[in-house]
Amino acid sequence: MSMMQQLDRWSIAHHPRWLVILRILLGFSLLFKAIVFISDTVSLKLLLNTSNLPDQEWLVTIIAAAHFIGGILIILGLLTRWAVLLQMPILIGAIIFVNARSDVFASGSEFILSLVVFILLLFFFAEGGGPVSMDEYLRKNKQL
C-alpha cells in the first residue's frame, strides 16, 4: 500500500464533518481572491512589481487562473491535494515577496490572511478532501 493510500485511509477515518465546511470556506476564499485579481489586474501588477521578479505580466494570468481553478476544485473536493499543491507556490510567494513590503506588513491583515491560508493548504494537503468530497465519491464508485 502506497503512502498516499495510507494517508487517504487515515484521513477518511479521522475526518470530522466541520472540516468539510472549513475546506469549502478555503475554496471560496481562493475563488474570491481570484475574482478580485481578475477584476483589478492593475493592483496585482503593482504588488508583483514590488517583488523584483522579472517579467511579471504572465504571472498575473497564472495567479488568477490558479486561484480560480484551485478554489473551485477545493470547494468540490475534486483532486483536492493537487489543487492545494497548485496553490502553495503562490502563497509562498505572497508571504515572502509581496507581503514583506513595509506598508502591507505594517497593517498585517494581508500577511496574516496569507499565512492562515497557507497553513490551511498544508493541512488539507495532508488531510485530503475527506468523506464529503468528489474524490471520495469517485473512489467509492470506480465502476461507473
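The condition (being modelled with pLDDT under 85 and under 14 Å from residue 23 (Cβ atoms)) is satisfied by just one residue among 102, 43, 107, 133: 133.
Within the range 125-143, the set of residues being within 19 Å of the chain's Cα centre (by Cα) and of a type in the set (D, E, K, R) comprises 127, 135. Close Cβ contacts (under 6 Å, 6 or more residues apart or on different chains) running from residues in the range 114-143 that are farther than 24 Å from residue 91 by Cβ to residues that are modelled with pLDDT of 80 or more and not hydroxyl-bearing (Ser, Thr, Tyr) comprise 132/20. The number of residues in the range 37-60 being in a helix (DSSP H, G or I) and either surrounded by 13 or more Cβ atoms within 10 Å (Cβ to Cβ) or in contact with a Phe, Trp or Tyr (Cβ under 7 Å, 6 or more places away or on another chain) (or both) comes to 9.
Just one of the listed residues (65, 83) is at pLDDT 90 or above and over 14 Å from residue 26 (Cβ atoms), namely 65.
The values are calculated or read from the model by the stated rules, or taken from the named source; none is laboratory data. Bear in mind that the values here come from a model prediction, so they are computed numbers and not experimental data. So basically every Cβ, Gly included, is an ideal-geometry build from the backbone, and we count neighbours across all protein chains shown.
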